[in-house]
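Q: After the C-alpha cells below, expect a handful of questions from me.
The values are calculated or read from the model by the stated rules, or taken from the named source; none is laboratory data. Just so you know, these numbers come straight off a predicted model, no measurement behind them. In this analysis, Cβ positions are derived from the backbone assuming ideal geometry, glycine residues included, and neighbour counts consider all displayed protein chains.
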Amino acid sequence: MRIIHVLKKTAWLLGLVLFILISCKNQVKRSAVLEKGNKIDYTAKVYPLLDTENSRWFFFSSASRPFGMVNLSPDTQIGGAWGSGYRYKTDTIKGFSHIHAWQMSGVSVMPVITSETNKKTIFTDFYSQFSHEKEKIAPGYHYVELDRYQIISEITSTKRVGLHQYTFPKNQQAAILFNLNTLLGPCKNSGGVLEKNTTKELSGKLVMEPTHRRPKPLAVYFKAIFNTDISTVEQDEETGNYLVNLAETNEKVLMKIGISYTSVENAANNIKEELLHWNFDDVVSESKMEWNDLLGRIEVKGGTEAAQTRFYTDLWHALQGRRIINDVNGAYPDNTGKEFRVGQLPLNKNGKPKFNHFNSDSFWGAQWTLNTLWGLVYPEIMEDFVHSLMQYYKDGGIIPRGPSGGNYTYVMTGASSTPFIVSAIQKGIIKDDLENIYQALKKNHMPGGIMEKAGYEHTTNLGGGLKYYHQNGYVPYPIPDGDFGGHQDGASLTMEYAYQDWTLAQLAKKLNHTADYEYFMTRSKNYKNVFDSETGWMRPKDQDNIWKKDFDPYQVENGFIEANGAQSTWFVPHDLQGLAALMGGEDKAVEKLNNQFIEAEKLGFTAGNSHAQELHPEYSRIPINFGNQPSIQTSFIFNQLNRPDLTQYWTRRVIQKTFSGLSPATGYNGDEDQGLMGSLNVLMKIGLFQMNGGTEDNPEYQIGSPIFDEITIKLNPEYYSNQNFIIKTENNSASNIYVNKVKFNNRSLKKHKILHSDLIEGGELILEMSNKTNRTP
C-alpha cells in the first residue's frame, strides 16, 4: 500500500509539473501574440501625400523599399525634373514607372483594355483618369483604380523588383503598354526594345539620354515575368513602343519587373534572388516590416496625433530619394571613365556585396541633416554611403558630391562630401583605411579636385574660382574667367570652402598631419575676407578686392548661392565665435539674428511654399529661409552664442508655423533634396542638432526643445552600445518650450550640449520644461 501511495503521489506531482509547464508555455505564447498585436505600425503614421502638389521627379514614393533600385509609383506628370512624377492635383495617370531617381527615369508601363475601336490609337492615347477617393497609399504599397478601363491597379516592390497586380474587367482584352520611348521626368527614354522570350517572359532595355546634369547616357535593362500567358507582342512604328496582349484570364494578373543597369541576365538574377514567389500580399507585408524596422528606430510619445504623423512622415522622407544602383550580385554601372564598364563591388564570405552603391543628389546641406540623423540612428546606412563615395574615387579619381548614372554630375558646389565622410569617421562608423580616405578628400580641396568645378561644370575646372581662393583668400564675384557652370557666386563659395576646409583640418589633426592641419585651419578663416564690417554683412567683392556696388543684403543670389546675403551671412558653422567678434560681440550678433527671425516669421520662415517661388520678388527678400539649405541651421546658432532660450523659442516657432502641416499643398515649403529637409525636421522635433555637422573630435550635440514627451532612440548595437538613448521632457506643452534644467543619467548638465561618446552609451536625458526662461539678465 505504501508503494502504491508513493507512486500515486509521484504521479500527481508529475502531473502538476506538467500542468505548470504547459500553462507557462501557453502564457508565453499568449504574451508573444499580445506583444505582436501591440507592435506599433509606424507606416500607418506616415502621410505619403505630404507636399505632393509640389512634387519633383524623385520626391514622391509609394511602392518602394528604403533606397530601392526600383521606385515604383504612378506618374501624373512626365515632363521635366521639376513639377513631374506624382502630382496630386493632376487627375490623370500616364503610366507606372520603376525609376524615380536623381536625373534618372525609366521602364514605364500601363495596364489597358484594347478593342477594335482603340486598336490604332492605344499607343498614343492610353492615359486614364483616376480619383483620390479610390486610392490607397502606404510605404511599400499603392492601390488605384483606372477609371477609363475599370482596372484595379496594385503595386509593391522588393529592392530591385517591381510587382504589379491588376484586376481587369471580365470578358475584355487585357494588355500592358510598355512606354519605353518617351520623355519621362528628367530625361528622354530612347532606343527601347522588348522581346518575348517565352509564353510568360519578356526582356528589354532602353537608354536614359544625357541631361544637363548627367552628361552621359545610361542603359537600363529589365526582365518581365507574368503569371499568365502572353498571346502577342505588338510594336508601334510611330512611337516605337510595345503592346503586350495577354491571354484570356479571369484571375488577377501579376507581373514582376526586375531591373539592372548592367545586363538582362542580372535583371533576371535580381528577380531570382529577391522574388521567387507570386504572393503579392506577402511582398507588401515584407515591405511594411522593412519600413517599420527603420521608422521604429525612433519611438515618440506624447504630442498630438497630427504631430506624430508629421514626424514619421519626415522620418520616412529622410530615408528616401537616394537609390541603390548595384545588382544583388554586386555588379554596378561605372560611367566615370572614357568608356562605360560594368564594375564589381567587393563581396563578403557569403558572396554578397560588402556595401551598396548609390545614385545620389548632392550632400550640399547634409552637414545639418543627414550627418546627424544617419550618424546617430542609422550608422549602417552612413557607412554604406561612405564606401560608395570611395568606390567612385577608386573608379574615377574623385569623390563625388552627387553621382548619377554611375558618373559625376558636379551638382551644386564645393566638396560637400567632406563633412559627411569626416563625420562618419569622427563617430567611429568608419574605422579602416583612414589615410587613403584622407588623401582622397584632400585631393578635392586642391587644384584638380572637385572644388575647382562650379555646378554641372563637366569639361572645365575654372568655375569654382579655387585658384583665387588659394591666392587671395576669397572667390571673387564675378569670376573673371567667365561662366562655366552654375552657382558661380563668390561670397557663398568662399564661406562654403572655408567650412569644408575646417572639417578636413579636423581629420588631418586626427591622423597627425600637423602641417596640413595648420594649412587648412588657416584657409578656414577665409570667410572673414568677405565680411564687410561697414554694412555688417557678408558681401561679394571682385578680383581687385572691391566690394560689390549697390549691395543689397536682401537681393537673392548675386554673389550668394540659392540665398541672399542676409541668409548667407550666418554660414560659418565652424567659427561662430569668430563671426560674432566681427559683428561686435555675441550680444550684437544675437540681436542681429533675432531681428532677422522676427522679420522672417512674417513670411512664414520660407521663401514661398515651393522651391520654384524662391526667386519671386515677394518672397526672395526674406532674412531667414528654412525652405532651402543655406540657412536651415540658424535657429541653433543662438545656442552657440550662449542664448539657448532663443534657440528653443525660434525652433518651436519654425516647427509650428512651417513644418507641422499635413496636406498635399504644403510640407517643406521649398527644396526637399532627398531627405535633407525631412532629416532637419526630425532633428528639430527631437531637440538634437550638430552645428558643424559632427566633424570635430568626439562630436557634440546641441540640445533644443523637443516637441514630444518622450523620445526613444534605439541605438544600433553593431556600432554603439546595446542600449537606448531616451529623451524625457517634464511639463512639456505648446507653451512650455523652454528647457530650464538638463540632466543626463542623473547628472546635471550646465550647458545644453551632450557628447557623442556619452550619448551612444545610452541612458536618459531629462529636460525640465517651462513657459519662462531661467536666463538671468
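Q: Kindly indicate which of Val590, Val572 is β-branched (Val, Ile, Thr) and either out of contact with any Phe, Trp or Tyr (no Cβ under 7 Å at 6 or more places or on another chain) or part of a loop (DSSP other than H, G, I, E, B) (or both).
A: Val572
Q: Are any of the residues in segment 103-119 in a strand (DSSP E or B), at pLDDT below 95 and in the same structural domain as Asn181 (by TED's automatic domain parsing)? Before the answer, list the steps.
A: To start, the set of residues in segment 103-119 that are in a strand (DSSP E or B) comprises 104-114.
Cutting the leftovers down to at pLDDT below 95 gives us none.
Among the residues of segment 103-119, not one is in a strand (DSSP E or B), at pLDDT below 95 and in the same structural domain as Asn181 (by TED's automatic domain parsing), which makes the answer no.
Q: Out of curiosity, is Thr647 crowded, with 24+ Cβ neighbours inside 10 Å and in the same structural domain as Ser733 (by TED's automatic domain parsing)?
A: Values: crowded, with 24+ Cβ neighbours inside 10 Å: yes; in the same structural domain as Ser733 (by TED's automatic domain parsing): yes.
Taking the combined requirement at face value, the residue satisfies it.
Q: Continuing with the same structure: For Glu496, are the conditions met, namely being in the same structural domain as Gln577 (by TED's automatic domain parsing) and modelled with pLDDT under 95?
A: no
Q: I'm told Gln471 meets every condition in (1) over 25 Å from the mean Cα position of the chain (by Cα); (2) not in a helix (DSSP H, G or I) except one. Can you identify the failing condition by its number?
A: Of (1) over 25 Å from the mean Cα position of the chain (by Cα); (2) not in a helix (DSSP H, G or I), only one is false for Gln471: (2).
Q: Now, a different point. Restricting to segment 76-95, name every residue that is closer than 17 Å to Ser131 by Cβ and either aromatic (Phe, Trp, Tyr) or not in a strand (DSSP E or B) (or both).
A: Matches in segment 76-95: Thr76, Tyr86, Arg87, Tyr88, Lys89, Thr90, Asp91, Lys94.
Here is a yes/no grid of residues against (1) charged (D, E, K, R); (2) closer than 24 Å to Asn329 by Cα; (3) modelled with pLDDT of 95 or more; (4) part of a strand (DSSP E or B):
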residue: Lys159; (1), (2), (3), (4): yes, yes, yes, no
residue: Leu184; (1), (2), (3), (4): no, no, yes, yes
residue: Lys216; (1), (2), (3), (4): yes, no, yes, no
residue: Val220; (1), (2), (3), (4): no, yes, yes, yes
residue: Ala224; (1), (2), (3), (4): no, yes, yes, yes
residue: Thr232; (1), (2), (3), (4): no, no, yes, yes
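Q: Could you please let me know if Glu286 is modelled with pLDDT under 95 and either of a type in the set (Asp, Glu) or within 30 Å of Gly678 (Cβ to Cβ) (or both)? Steps first, please.
A: On the way: modelled with pLDDT under 95: no; either of a type in the set (Asp, Glu) or within 30 Å of Gly678 (Cβ to Cβ) (or both): yes.
Judged against the criteria, Glu286 is not a match.
Q: Does Asn245 fit the bill of being among the polar types (S, T, N, Q), more than 30 Å from Leu376 (Cβ to Cβ) and in contact (Cβ under 8 Å) with a residue 24 or more places away in the chain?
A: Taking the combined requirement at face value, the residue satisfies it.
Q: Same structure, new question: I need a count of the residues in segment 476-491 that are part of a loop (DSSP other than H, G, I, E, B) and either under 21 Å from Pro215 (Cβ atoms) or outside the structural domain of Glu457 (by TED's automatic domain parsing) (or both).
A: Summing the residues that are part of a loop (DSSP other than H, G, I, E, B) and either under 21 Å from Pro215 (Cβ atoms) or outside the structural domain of Glu457 (by TED's automatic domain parsing) (or both) in segment 476-491 gives 7.
Q: May I ask you to verify whether Phe560 is farther than 26 Å from Ser660 by Cβ and among the aromatic types (Phe, Trp, Tyr)? Full working, then the answer.
A: Working: farther than 26 Å from Ser660 by Cβ: yes; among the aromatic types (Phe, Trp, Tyr): yes.
When the stated conditions are applied, Phe560 passes them.
Q: Now for a separate question. What helices (runs of 4 or more DSSP H) lie completely within segment 246-331 and have 1 or more residues being surrounded by 24 or more Cβ atoms within 10 Å (Cβ to Cβ) and of a type in the set (Gly, Ala, Ser)?
A: Where helices (runs of 4 or more DSSP H) fall fully within segment 246-331 and carry at least 1 residues being surrounded by 24 or more Cβ atoms within 10 Å (Cβ to Cβ) and of a type in the set (Gly, Ala, Ser), they are 264-274, 280-295.
Q: Same structure, new question: For residues that are among the hydroxyl-bearing types (Ser, Thr, Tyr) and modelled with pLDDT of 95 or more, scanning just segment 25-51, find the one that is nearest to His100 (Cα to Cα).
A: So, considering only residues that are among the hydroxyl-bearing types (Ser, Thr, Tyr) and modelled with pLDDT of 95 or more, the one nearest to His100 (Cα to Cα) is Tyr47.
Q: While we're looking at this one, here's another question. Ser97 is checked against (1) among the polar types (S, T, N, Q); (2) crowded, with 20+ Cβ neighbours inside 10 Å; (3) over 15 Å from Ser62 (Cβ atoms) and fails just one. What number does that condition carry?
A: (3)
Q: Can you name the residue in segment 661-692 that is assigned to a helix (DSSP H, G or I) and aliphatic (A, V, I, L, M) and is also nearest to Asp314 (Cα to Cα) among such residues?
A: Among them, the one singled out is Val682.
This table checks each residue for (1) in the same structural domain as Ala424 (by TED's automatic domain parsing); (2) crowded, with 20+ Cβ neighbours inside 10 Å; (3) in a strand (DSSP E or B); (4) among the β-branched types (Val, Ile, Thr).
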site: Ser705; (1), (2), (3), (4): yes, yes, no, no
site: Ile711; (1), (2), (3), (4): yes, yes, yes, yes
site: Pro717; (1), (2), (3), (4): yes, no, no, no
site: Tyr720; (1), (2), (3), (4): yes, yes, no, no
site: Phe725; (1), (2), (3), (4): yes, yes, yes, no
site: Ser733; (1), (2), (3), (4): yes, no, no, no
site: Val739; (1), (2), (3), (4): yes, yes, yes, yes
site: Ser757; (1), (2), (3), (4): yes, no, no, no
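Q: For the condition out of contact with any Cys (no Cβ under 9 Å at 6 or more places or on another chain), part of a helix (DSSP H, G or I) and either modelled with pLDDT under 95 or among the β-branched types (Val, Ile, Thr) (or both), what is the one hit in Thr503, Thr535, Thr459? Steps first, answer last, please.
A: Working: Thr535 fails: part of a helix (DSSP H, G or I); Thr459 fails: part of a helix (DSSP H, G or I).
Of Thr503, Thr535, Thr459, the one residue that is out of contact with any Cys (no Cβ under 9 Å at 6 or more places or on another chain), part of a helix (DSSP H, G or I) and either modelled with pLDDT under 95 or among the β-branched types (Val, Ile, Thr) (or both) is Thr503.
Q: Quick check on this structure: which one of Phe560, Phe520, Phe597 is hydrophobic (A, V, I, L, M, F, W, C), within 22 Å of Trp502 (Cβ to Cβ), in the same structural domain as Gln674 (by TED's automatic domain parsing) and not in a loop (DSSP other than H, G, I, E, B)? Write out each step before concluding.
A: Values: Phe560 fails: not in a loop (DSSP other than H, G, I, E, B); Phe597 fails: within 22 Å of Trp502 (Cβ to Cβ).
It is Phe520.
Q: Next question. Suppose we filter segment 759-777 for residues that are modelled with pLDDT of 95 or more, farther than 29 Å from Leu715 by Cβ and buried (at least 16 other Cβ atoms within 10 Å of the Cβ); how many remain?
A: 1
Q: A further question on this structure: Tell me which of these Arg56 doesn't satisfy, since it passes every other one: (1) under 17 Å from the mean Cα position of the chain (by Cα); (2) modelled with pLDDT of 95 or more.
A: (2)
Q: Could you identify the single residue in Gly485, Gly463 that is surrounded by fewer than 24 Cβ atoms within 10 Å (Cβ to Cβ) and in contact with a strand residue (DSSP E or B) (Cβ under 9 Å, 6 or more places away or on another chain)?
A: The conditions single out Gly485.
Q: Give Glu435, Glu383 a once-over and let me know the one that is within 30 Å of Ile711 (Cβ to Cβ), outside any loop (DSSP other than H, G, I, E, B) and at pLDDT 95 or above.
A: Glu383
Q: Something else now. Could you please give the count of residues in segment 372-390 that are of a type in the set (A, V, I, L, M, F, W, C) and more than 13 Å from the chain's Cα centre (by Cα)?
A: Matching residues across segment 372-390 total 5.
Q: Counting only residues that are within 19 Å of the chain's Cα centre (by Cα) and acidic (Asp, Glu), how many does segment 280-331 have?
A: 3
Q: Please tell me if Ser635 is touching a residue at least 40 places away in the same chain (Cβ under 8 Å), surrounded by 24 or more Cβ atoms within 10 Å (Cβ to Cβ) and touching a strand residue (DSSP E or B) at 6+ places or on another chain (Cβ under 8 Å).
A: No; evaluated as a whole, the condition is false for this residue.
Q: Those residues that are outside any helix (DSSP H, G or I) and more than 29 Å from Leu373 (Cβ to Cβ), I need them from segment 438-453; list them, please.
A: Met446, Pro447, Gly448
Condition check ((1) touching a helix residue (DSSP H, G or I) at 6+ places or on another chain (Cβ under 6 Å); (2) charged (D, E, K, R); (3) surrounded by fewer than 22 Cβ atoms within 10 Å (Cβ to Cβ); (4) closer than 24 Å to Ile151 by Cα) across all residues:
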residue: Thr167; (1), (2), (3), (4): no, no, yes, yes
residue: Lys170; (1), (2), (3), (4): no, yes, yes, yes
residue: Gln173; (1), (2), (3), (4): no, no, yes, yes
residue: Gly185; (1), (2), (3), (4): no, no, no, no
residue: Val193; (1), (2), (3), (4): no, no, yes, no
residue: Thr199; (1), (2), (3), (4): no, no, yes, yes
residue: Leu202; (1), (2), (3), (4): no, no, no, yes
residue: Pro210; (1), (2), (3), (4): no, no, yes, no
residue: Lys223; (1), (2), (3), (4): yes, yes, no, yes
